[in-house]
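Below: one structure, written as structure tokens.
The values are calculated or read from the model by the stated rules, or taken from the named source; none is laboratory data. Being a predicted model, the structure only gives us computed values, none of them experimental. Quick reminder, even Gly has a Cβ in these numbers, built from the backbone with ideal geometry, and neighbours come from all protein chains shown.
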Amino acid sequence: MASTHQYQADPRNETIQVWLNGALTPRADALVSVLDSGFMLGDGVWEGIRVHHGKLAFIDQHLQRLFEGAAAIDMDIGMTAAEIIEAIYETLAANDQADPDANESVHIRLMVTRGLRSTPYQSPSVVVSDATVVILPEFKAPKAEVLTTGLKLHTVSTRRGRPDVQDPKWNSHSKLNCISACIQADKAGADEALMLDPQGFVSTCNSTHFFIVTEPTGVGGTSEVWTSTGDYCMPGITRSNIIALCKQKGVTVRQKNFSLTEVYAAAEAFVTGTFAGVAPVGEVDGRKMGGVRAAMEGGSPSGGRGPMTEQIQRWYVEMINESTR
């Protein structure tokens, strides 16, 4: 399996210091109560944040999404954005992860739950503490092959929900629908799940966002980059940055409804996420990307990384470098 979250194991993570409610605690001792809202009910929001040369990549966008999610579920984080950033850098310094000259790959999980409950019950009225805030930084680099070898996706039966059921724009701790999708994909021998929206259009993957690159059409035609409307997926930070990059570089990018038929006919596909950035997709439901063009020309598709995906990867690295100077 070559999931986008496959990473290189690092023994330093065993002794990492975790920021838990204002105190730095050894990883093995960083525990929350069985009465914590996150453990009990998945009641909370979180962010995955990338550290690049000791600086937090796109931190303003991440914290904007965190506070928007907290507001949507009427949860008081109990800290300002500036205080969270200060706590993150304190944690990085304690773990020797804040060196601007280092080329370490560090990934942070920032987790906030509603806090302790007096009894197992859904209503926030039984919450008896401030919010639980956790900052967990790890030395974590994606495996090199994730960025070059095409992932295998499998379309699953689990759909992205409507906002009147559970708004998919919440980056909440309640992830059972995505876990169910992930299990289905795993059982099918795929790396990640491709999820449809309630109308049957392509939406997103279980832990990343999905894009296709269309085949050029007509004389002198050019490829376009397509992604979903975003109506039924989390507002991805990397997703929005890739859309902005394509526009900046003169690549036609569209947020639109499209079906699996158009996915199977695409020249390339890729997924985006904070951890791995941009990762190529080589196969969807057993169909290799670029198969239509290859068949028309009497060849066989490689199912590997395409030229547009590789170019977007380079642009994204430049964007991260620029954002963390």
* **Residue satisfying condition, being among the small types (G, A, S), in contact (Cβ under 8 Å) with a residue 24 or more places away in the chain and assigned by TED's automatic domain parsing to the domain that holds G250, within set G221, G200** => G200
* Structure fact -> Checked I108, I84 against criteria (under 19 Å from S129 (Cβ atoms), outside the structural domain of C182 (by TED's automatic domain parsing) and under 23 Å from the mean Cα position of the chain (by Cα)); the one match is I84
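Rundown of residues vs (1) of a type in the set (K, R); (2) in a loop (DSSP other than H, G, I, E, B); (3) in contact (Cβ under 8 Å) with a residue 24 or more places away in the chain; (4) more than 18 Å from P216 (Cβ to Cβ), yes/no style:
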| site | (1), (2), (3), (4) |
| --- | --- |
| V271 | no, no, yes, yes |
| F275 | no, yes, yes, yes |
| A279 | no, no, yes, yes |
| G299 | no, yes, no, no |
* Output yes when any residue across the stretch 70-79 is within 12 Å of I135 (Cβ to Cβ), touching a strand residue (DSSP E or B) at 6+ places or on another chain (Cβ under 8 Å) and crowded, with 16+ Cβ neighbours inside 10 Å, and no when none is. => yes
* Asked: Among S223, S259, S207, which is the only one that is crowded, with 16+ Cβ neighbours inside 10 Å, closer than 26 Å to W170 by Cα and of a type in the set (G, A, S)?
  -> S207
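In the stretch 153-241, which strands (runs of 3 or more DSSP E) lie fully inside it and hold 2 or more residues that are farther than 20 Å from E310 by Cα?
192-196, 202-205
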* For residues in the stretch 35-59 being small (G, A, S) and in a strand (DSSP E or B), which is surrounded by the fewest Cβ atoms within 10 Å (Cβ to Cβ)? -> G48
* Given the conditions (1) within 30 Å of K175 (Cα to Cα); (2) surrounded by fewer than 18 Cβ atoms within 10 Å (Cβ to Cβ); (3) not acidic (D, E), which single one is not true for K249? -> (1)
